[in-house]
Amino acid sequence: MDANLLQLAKSIAEVFLPILYVVTAIGYGMAFFRDDAMARQWKSRLLLATTATHFAYIGLHTASEGHCMVTTPFEMMSLVAFTLLATYTVIEFKTSVKGTGFFLVTLAGAFELVSSVMLKVTTGGEMNPVLSNLGIGLHVTAAIFGFGGIAISAVYGLLYLLLFGELKRSDFGKFFKHLPSLESLERLNTAASIIGFAFLTVAIGIGVFWLPRTFANFSYLDPKLLATALVWCVYAAVLFAKYVLKLDGRRVIRLSIGGFVLAIFSLTVVNAFFSHFHKFY
C-alpha cells in the first residue's frame with residue numbers, strides 16, 4: 001500500500017475507533033439499563049464493527065510505524081483493549097452469557113480512549129532493535145493476553161459483588177434482572193483468572209530465559225519484574241484459595257480484584273516511570 005494512503009487509513013481509524021467504542025458502550029448501556037429494543041437489536045453489530053475496526057487499526061499502525069504496538073504503555077493499552085473486546089465477542093457469540101457486555105465494552109473503551117489520547121500527546125524516540133527479537137514478541141504477546149484475562153476476571157468479580165449485594169438486600173433491580181447468576185459469574189471469574197495466570201506464567205517463563213540474553217542492563221531486581229512477580233503471586237494465591245483452601249467466592253473474588261489493581265499499576269506507573277530496562281524506546 002502507498003505510504004500516504006496507509007497513513008491516511010491509519011489516521012481515519014484513529015479518529016473513528018474511539019467513537020465506535022463510545023457508541024458501542026452506549027448501545028450496551030441502553031440495552032442493559034433501559035431494555036431499549038433498538039439497542040438490543042444493534043449492540044452486537046456495533047460490537048463486531050468495533051472489533052473489526054480495532055483489528056484493522058492494529059494492522060495499519062504496525063505497517064505504518066514499522067513495529068508492533070508494544071513500544072509504550074499506551075500502545076500496549078490499545079492491545080489490552082482489543083484483547084478484552086475480542087474475548088467478550090467470543091463469549092457473547094459462543095455462550096449464553098449476554099448480560100455483561102456493557103461492563104466489558106466500557107472497560108475496553110476506557111483503555112482505548114486513554115491510549116488514543118496519550119498516543120497523540122506523547123512521542124517516542126528511535127525504536128529499540130530488540131522489537132525484532134522473536135522471544136521478546138512472544139513475551140509481550142503472552143503478557144498482554146495475561147493482563148487481558150486478569151482484567152476480565154476483575155469485571156466478572158465486580159459484577160458478582162454487586163449482584164451479591166442486591167440479593168443480600170433483597171433489592172431485585174436492574175442487576176438482578178439482566179446479569180447471569182452468581183454461580184455463573186463466579187465460574188467466569190475463575191476461568192478468566194486461570195487464563196490470565198497461565199499467560200502470565202508463560203510471559204514470566206519466556207522473560208526469565210530471554211531477557212538476560214537480550215538486555216545488557218538486565219536485572220532481576222527491576223521494579224517492573226518485581227511488580228509482575230507480585231501480580232503472579234496474587235493470582236497463584238487466588239487459585240490456591242479457590243481450589244485448595246476452598247474459601248468462599250467473595251473472598252477469592254476480592255483477592256482477584258486486588259490483583260487487577262496491582263496489574264494496572266504495573267502496566268502503567270511502574271512500566272513508565274520505574275523500570276530500568278523494560279522500555280522499547
(Q) With a 1.4 Å probe and all protein chains kept in place, how much accessible area does Y243 have, in Å² rounded to the nearest 10? (A) 120 Å²
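In whole percent, and with a 1.4 Å probe on the protein chains, what portion of the accessible area of segment 164-225 is carbon and sulfur?
Values: 2350 of 3490 Å².
On segment 164-225, the fraction of accessible area on carbon and sulfur atoms equals 67 percent.
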Q.
If you take Rg and Dmax of the Cα atoms in Å from the coordinates, which of [x] 20.3, 75; [y] 19.6, 61; [z] 20.7, 69 do you get?
A. [y]
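Is the shape of segment 1-87 best called rounded, prolate or oblate, per the rule: a/c under 1.5 gives rounded, else a/b larger than b/c gives prolate, else oblate, with a ≥ b ≥ c the square roots of the Cα gyration tensor eigenvalues? Before the final figure, lay out the partial values.
On the way: a/c = 3.17, a/b = 2.02, b/c = 1.57.
Prolate, because a/c is 1.5 or more and a/b exceeds b/c.
Subtract the Cα-Cα distance of R187 and L226 from 0.36 nm times their separation in residues, and report this length gain in nm to one decimal.
Details: separation 39, 0.36 × 39 = 14.04 nm, distance 2.93 nm.
This chain segment gains 11.1 nm when fully extended.
Listed highest first by mean packing, meaning other Cβ atoms within 10 Å per residue, what order do 76-83, 107-114, 195-202 come in?
Working: 76-83: 24.5, 107-114: 21.8, 195-202: 20.2.
Descending mean neighbour count gives 76-83, 107-114, 195-202.
Subtract the Cα-Cα distance of V269 and R34 from 0.36 nm times their separation in residues, and report this length gain in nm to one decimal.
On the way: separation 235, 0.36 × 235 = 84.60 nm, distance 3.71 nm.
Here the segment from V269 to R34 would lengthen by 80.9 nm.
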Q | Å² of accessible area per residue within segment 1-99, as computed with a 1.4 Å probe and no ligands counted | A | 49 Å²
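Computed FRET efficiency, Cβ-Cβ of V208 and K168, R0 25 Å: what is it to the nearest 0.05? Mind dumping the intermediate values first?
On the way: r = 44 Å, r/R0 = 1.77.
Efficiency at R0 = 25 Å is approximately 0.05.
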Q. How many lysine pairs are close in the chain, with Cα atoms under 21 Å apart and the two 8 or more places apart or on different chains?
A. 10
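The values are calculated or read from the model by the stated rules, or taken from the named source; none is laboratory data. From a predicted model like this one, the values you see are computed outputs, not experimental measurements. Here Cβ is always computed from backbone atoms with ideal geometry, including for glycine, and neighbour counts include all displayed protein chains. The area values use the complete protein model at the heavy-atom level, side chains included, leaving out ligands, DNA and RNA. Shrake-Rupley method; radii C 1.70, N 1.55, O 1.52, S 1.80 Å.
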